[in-house]
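Okay, structure first, notes after.
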Number of protein chains: 2
Amino acid sequence: MNLGRMTDHAGEWLRGTGPQSDIVVSSRVRLARNLAGYPFVNRAASRQRLEVLQRSRQQILEGKLAEDMIWVDINECEPMDRQLLVERHLISRQHAKASDDLPRGVAVGLNESVSIMVNEEDHLRVQVLRSGMQLGEAFEQINHIDDCLEKRLDFAFSKKYGYLTACPTNIGTGIRVSVMMHLPALKLTGEIDKVKRAAKDMHLAVRGMFGEGSDAIGDLFQISNQTTLGRGEQEILADFQHTVVPQIIAYEQQARQALVRQRPALLDDGIWRSWAILNNARLMRTDEVLSLLSQIRLGVTMGRLEKVTMRMLNELFLMTQPAHLQKLMGSDMDPAQRREARATLIRKRLGQS
Amino acid sequence: MNLGRMTDHAGEWLRGTGPQSDIVVSSRVRLARNLAGYPFVNRAASRQRLEVLQRSRQQILEGKLAEDMIWVDINECEPMDRQLLVERHLISRQHAKASDDLPRGVAVGLNESVSIMVNEEDHLRVQVLRSGMQLGEAFEQINHIDDCLEKRLDFAFSKKYGYLTACPTNIGTGIRVSVMMHLPALKLTGEIDKVKRAAKDMHLAVRGMFGEGSDAIGDLFQISNQTTLGRGEQEILADFQHTVVPQIIAYEQQARQALVRQRPALLDDGIWRSWAILNNARLMRTDEVLSLLSQIRLGVTMGRLEKVTMRMLNELFLMTQPAHLQKLMGSDMDPAQRREARATLIRKRLGQS
């Protein structure tokens with residue numbers, strides 16, 4: 001399986017376009033579904049897991065759910081290709097790391113907007129990713145995919161509980177709605193903690209870029225619903241579209257304006273230091289790149305730094321992550337080599353911009 | 001008392017010239033002396049302290065110990081002028097901060113190589129500072145000054161113990177010999193801890209830039225003798241000239257060469273990040289300036305960065321310290337204002353270099 005073609009562009013979630021993409025990096029909806037007649041993945045026998053995989057793969061590919069869909073057998077992938085898919089948010093860390101005994105895969109649409117993991121925690125995990133604030137569009141698309149799949153596969157469903165899932169937190173609609181928001185001003189002013197507390201009161205989860213258990217790197221916060229039982233999909237979606245996201249956007253914008261008015265030097269200090277370091281460092285860790293790019297992104301969206309395009313930022317964001325970097329350089333590198341290659345790549349790309 | 005003229009040049013210890021000035025920033029010798037017939041400063045009555053001050057000042061100024069010597073009454077000085085003298089290493093922090101009731105002062109030679117504090121811990125603290133490795137020269141000059149003073153003032157002396165001083169650690173010769181060394185490579189490789197242990201075994205003290213109790217900022221280490229009793233001045237001096245300083249210089253040079261050979265990217269990373277931050281930050285603390293300048297200094301002496309002169313570095317080193325900065329800007333500033341003014345000053349100066 002050659003995933004090399006993926007490394008030359010930034011994929012869907014970092015396209016940097018779409019409504020309100022200055023703050024909402026991407027919108028994501030995912031559904032958890034399980035085939036009726038089979039135990040959940042963690043309880044199934046080898047033969048059953050294989051059957052789930054084969055049936056699902058066939059129906060997904062025949063269903064033409066998205067343009068030019070490709071199939072990747074994860075347990076036959078090189079570790080670096082798995083990591084590449086994680087970095088592109090097409091599979092979860094858990095899906096990449098599971099035992100080689102577990103037959104599992106992912107179907108990916110060519111523009112990487114749609115991905116369907118098979119034999120992750122649930123038999124099927126369908127994801128639609130869109131850049132910017134496009135939750136409605138993502139929801140429509142995933143609904144369509146769900147309808148198509150439902151015609152071809154018999155999903156485990158209870159009249160009382162709704163869709164049945166391996167983890168009880170997903171039971172009911174099996175839907176998770178999330179937005180990746182860039183909130184550097186709220187972070188800088190410390191108000192992000194207030195947002196986190198408010199989100200918790202609304203039964204929302206605030207996580208880092210790579211989902212559960214990951215820290216918020218690069219001032220990117222993934223905000224998602226925690227409740228799937230007893231609330232309709234439309235209700236959850238409407239909450240996000242009309243309350244949660246507009247409110248957080250407003251907070252971030254207020255914080256940005258307050259910084260410009262009250263502490264412009266603090267704002268510019270972060271932006272210009274980041275610019276300077278990216279252009280001059282000789283060694284660079286991934287986390288640091290993300291923090292620095294976050295500041296540059298803020299500078300560009302606020303019109304305080306005009307030396308770089310959003311497209312370039314998004315490319316660097318992805319290209320400097322370990323698997324992408326090694327694919328791009330065409331060789332396996334240890335962490336020290338990567339730190340040097342990463343810094344060199346960034347200096348070179350920014351020097352051309 | 002107008003000390004304004006001091007702010008337009010870097011003074012003696014940061015002249016950046018003299019033998020081995022790539023590693024030995026400055027050499028310093030000081031003597032502790034007390035007038036016979038008076039209690040030590042901390043035991044003396046007000047009247048006695050005033051007498052000590054008046055007699056000492058008169059004899060120092062009439063003695064023409066150094067060219068164009070000026071006298072500064074510290075307890076009549078503005079706090080900012082006191083701080084200015086501390087930043088120029090002409091008086092100790094303790095001398096600056098003592099109670100206003102204590103009549104005290106300092107005599108300073110025009111090129112700031114000689115300074116004599118009166119009523120600090122001892123009645124007289126004579127200091128000779130030279131840039132680079134000039135301990136021999138400093139020692140000769142302080143000996144000459146000591147001889148001159150001894151003809152004019154009767155010093156407390158015991159045949160058994162030598163010169164008597166307020167603190168027993170100074171009894172005997174009353175001499176302290178010290179060198180300020182720039183040891184960034186030993187710091188970077190972690191070998192500085194070995195040097196510190198070795199120094200301790202040799203009864204040497206390793207301190208920060210501002211003496212006792214100060215941390216090593218900007219990779220500057222002050223190395224001085226701790227023993228004054230039972231060892232001749234010549235012996236202490238010879239130890240420094242022929243053993244201690246050459247050995248530490250050799251260690252630092254080895255560490256620098258090892259960095260160039262084995263980890264050039266680590267070396268350049270520190271140098272170029274520092275250069276970039278100094279040229280782009282909008283807010284800057286004193287400690288950070290010193291750390292960054294330390295890296296630039298290393299870059300310049302190792303020929304890896306040629307954008308700035310040593311003279312400029314030394315000027316920035318001093319000009320960005322709180323009192324110098326405020327004198328230069330002509331106004332009192334709170335710490336936040338200073339951080340902004342400091343960053344602006346640095347960008348402006350480096351932009352001109």
Roughly how many whole Å is it from the C-alpha centroid of the range B:263-289 to that of the range A:52-126?
44 Å
Taking the Cα-to-Cβ direction at B:A238 and at B:S46 and moving 7 Å from each Cα, how far apart do the two end points lie in nm?
5.1 nm
Work out the FRET efficiency for B:K64 and B:F157 from their Cβ-Cβ distance, taking R0 = 30 Å, and round it to the nearest 0.05.
0.80
In terms of the charge dipole of chain A, which places +1 on Lys and Arg and -1 on Asp and Glu at the beta carbon, the residue among A:T173, A:S115, A:I249 farthest towards the positive end is A:I249
Quick one: in the range B:1-119, what % of C-alpha pairs are over 24 Å apart?
29 percent
Please give the average number of partner chain Cβ atoms lying within 10 Å of the Cβ of each residue in B:268-274, rounded to a whole number.
5
Longest principal axis of chain A (C-alpha) makes with the long axis of helix A:192-201 (C-alpha) an angle, in degrees to the nearest 10, of 20 degrees
Given the protein chains as shown and a 1.4 Å probe, how many square angstrom of A:K348 are accessible, to the nearest 10?
140 Å²
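With a 1.4 Å probe, how much accessible area is buried between chains B and A, both sides summed, in Å² to the nearest hundred? Don't skip to the end; give the middle numbers.
On the way: alone 15850 and 15860 Å², together 30320 Å².
Roughly 1400 Å² of accessible surface disappears when B and A pair.
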Straight-distance crosslink candidates among lysines, where the alpha carbon sits under 21 Å from B:K159 and sequence neighbours closer than 8 are dropped:
B:K151
Going 7 Å from Cα along the Cα-Cβ axis for the label, what nanometre distances separate B:G303 from the same residue across the other copies?
4.9
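Mind giving me the FRET efficiency for A:E306 and A:R231? R0 is 35 Å, r the Cβ-Cβ distance, nearest 0.05 is fine. Write out the running numbers ahead of the final one.
Details: r = 44 Å, r/R0 = 1.27.
Once the sixth-power term is evaluated, E becomes 0.20.
Could you tell me the calculated FRET efficiency between B:Q262 and A:T17, based on Cβ-Cβ distance and R0 = 45 angstrom, to the nearest 0.05?
Values: r = 46 Å, r/R0 = 1.01.
Given R0 = 45 Å and the Cβ-Cβ separation, E is 0.50.
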Quick one: work out Rg over Rh on the C-alpha atoms of the range B:3-256, Rh as Kirkwood radius.
0.96
Can you list, bin by bin at 10 Å, the percent of alpha carbon pairs in the protein assembly as shown, starting at 0?
3, 13, 18, 17, 13, 11, 10, 7, 5, 2, 0, 0
Modelled label-to-label distance, A:Q253 and B:D73, 7 Å Cα→beta-carbon offset: nm?
6.4 nm
In a GNM of chain B with a 10 Å cut-off on Cα contacts, which of B:S331, B:S92, B:S27 has the highest mean-square fluctuation?
B:S331
Looking for one value pair here: nearest-to-axis residue in chain B (by Cβ) for the rotation onto A, and the distance in whole angstrom.
B:A276, 2
In the range A:264-352, what percent of the accessible surface is made up of carbon and sulfur (1.4 Å probe, ligands and nucleic acids excluded)?
46 percent
Quick one: how many Å² of A:C77 are accessible to a 1.4 Å probe, rounded to 10?
10 Å²
Using the scaling law 2.2 N^0.38 Å as the reference, what is the normalised Cα Rg of the range A:264-352?
1.06
Taking a threshold of 21 Å on the Cα-Cα distance, which of the pairs A:K307/A:K348; B:K307/B:K348; A:K187/B:K187; A:K348/B:K348 fall above it?
A:K187/B:K187; A:K348/B:K348
In percent, what relative contact order does chain A have, based on Cα pairs under 8 Å that are 6 or more apart in sequence?
20 percent
Per residue of B:254-267, count partner chain C-beta atoms within 10 Å of its C-beta, then hand back the mean as an integer.
1
Can you give me the angle between helix B:46-62 and the longest principal axis of chain B, using Cα atoms only, in degrees from 0 to 90, rounded to the nearest 10?
70 degrees
Between copies, how close do the A:E76 label points come, placed 7 Å along Cα→Cβ, listed in nm from shortest?
9.4
Chain A - mean residue ellipticity at 222 nm from DSSP helices (-39,500 (n - 2.57) per run, n ≥ 4, rounded to 500)
-14000 deg cm²/dmol
Ignore the peptide's own chain and count Cβ atoms of other chains within 10 Å of each Cβ in B:281-287; give me the average, rounded.
4
Could you state the orientation-averaged shadow area of the convex hull built on the Cα atoms of the range B:144-279, in nm² to one decimal?
11.0 nm²
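State to the nearest 20 debye the size of the charge dipole of chain A about its Cα centre, where the only charges are +1 on K and R beta carbons and -1 on D and E beta carbons.
That gives chain A a dipole magnitude of about 600 debye.
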Could you work out how far apart the two model spin labels at B:S99 and B:D287 are, taking each label as a point 7 Å from the Cα in the direction of the beta carbon, and quote it in nm?
3.2 nm
Shortest first and in nm to one decimal, what separations exist between B:K151 and its copies in the other chains, measuring from label points 7 Å along the Cα-to-beta-carbon line?
11.3
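Chain A: longest stretch without exposed GluC sites (Glu not before Pro) (DSSP loop, at most 12 other Cβ within 10 Å), sites themselves excluded?
That gives A:68-211 as the longest site-free run.
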Mind pulling the angle between the C-alpha long axis of helix B:264-280 and the longest principal axis of chain B? Nearest 10 degrees, somewhere in 0 to 90.
80 degrees
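The values are calculated or read from the model by the stated rules, or taken from the named source; none is laboratory data. These numbers were taken from a predicted model, which means no experiment stands behind them. All Cβ positions, glycine included, derive from the backbone under ideal geometry; neighbour counts span all protein chains shown. The area values use the complete protein model at the heavy-atom level, side chains included, leaving out ligands, DNA and RNA. Shrake-Rupley method; radii C 1.70, N 1.55, O 1.52, S 1.80 Å.
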